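K.L.:
Below is the structure I would like to discuss, written out as structure tokens.
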Amino acid sequence: MAKSDWWKTHFGRKSLDGYGLPKKTADEVKGAARMLGLRPGAQVLDLCCGAGRHALGLAALGHRVTGLDWSAELLARAGEEAARQGLELALMRGDMRRLKFRARFDAIVNLFTSFGYFETDEEDAAVLSGVRRALKPGGKFLIDVLNKEWLMRHFTPTFWQRNPEGEMLRAFNRLSFDPLTSRLDNRRTLYLRGGRTQEAFLRFKVYTLHDLARLIENAGMKVERAYGGFDARPYGLDTFRTIVVARRA
């Protein structure tokens, strides 16, 4: 399989171990709901929901949540967790470039840099056009990605992650960045319990706030605010995240 299709096989039940995600989820869910101004019972789409950590959190707040993802394995995990927690969660497998919804959602979230996976700007634009169509008039979109400005100021070609989680004890990351395409590659070696190792590869395009906002507005949405974290701190060159809130125009 070509490296451009890495996302089709990368995401599985163990692919996200080692990022310390469970510890971050509650604050991310509360922050996203606050930034969007969600009313009780809002119809929300978690686009690229993965194992459902944000979708489940939003459902627990009383919202009617749909989760869409390409990975059947992660969707199954989300469904199991929803059943365990007694939460209602509509889950469906699909390609984010080909959303079929029409004026259905009060809000759509796309979190944890689940954007920029494709090889062309036209494909990223297709995602955002689908988001705009899926929102009700006045509906809001929140996207959370790695801040390119932070990455350029703090780029480190290699680094270790040493937060044990699941089967993973630690991970060694080898980064490369192509300034012509603005694509970041990460080749990870995972050190697992029992002395096993596993190789993983991921690639995505990193956007400046300016370029991301332009894509969003070209898709027919109006950018309202930009944040640097889920605690609603202002966006800046040294904030690790870029979080944009936009409204269907």
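K.L.:
Of L45, L99, W7, which is farthest on the positive side of the dipole of the chain, counting Cα position, with +1 on Lys and Arg Cβ, -1 on Asp and Glu Cβ, and the Cα centre as origin?
P.N.:
The residue sitting most towards the positive pole is L45.
K.L.:
Taking the Cα centre of the stretch 77-127 as origin and charging only Cβ (+1 Lys, Arg; -1 Asp, Glu), how large is the dipole, in debye to the nearest 20?
P.N.:
The dipole magnitude comes to about 320 debye.
K.L.:
Can I get the semi-axes of the stretch 150-203's equivalent ellipsoid? Compute them from the C-alpha gyration tensor as square roots of 5 times the eigenvalues, in angstrom, largest first.
P.N.:
Its equivalent ellipsoid spans semi-axes of 25, 12, 7 Å.
K.L.:
About its Cα centre, what dipole magnitude does the chain give when the only charges are +1 on Lys and Arg Cβ and -1 on Asp and Glu Cβ, stated in debye to the nearest 20?
P.N.:
The dipole of the chain has a size of about 340 debye.
K.L.:
Of the beta bridges DSSP finds with both residues in the chain, what % are antiparallel, to the nearest 5?
P.N.:
That works out to approximately 70 percent antiparallel.
K.L.:
Counting other beta carbons within 10 Å of each residue's own, what order do F177, F240, F105 fall into, fewest first?
P.N.:
Going from least to most buried by this count: F240, F177, F105.
K.L.:
Give the separation of the Cα centroids, the stretch 186-209 to the stretch 126-178, in Å.
P.N.:
Value for the Cα centre distance between the two parts: 13 Å.
Bear in mind these aren't lab numbers, they're just calculated from the coordinates by the rules spelled out. What you see is a predicted model, and the numbers here were worked out from it, not measured in a lab. Because the Cβ atoms are built from the backbone with ideal geometry, glycine has one as well, and the counts that use them run over all protein chains shown.
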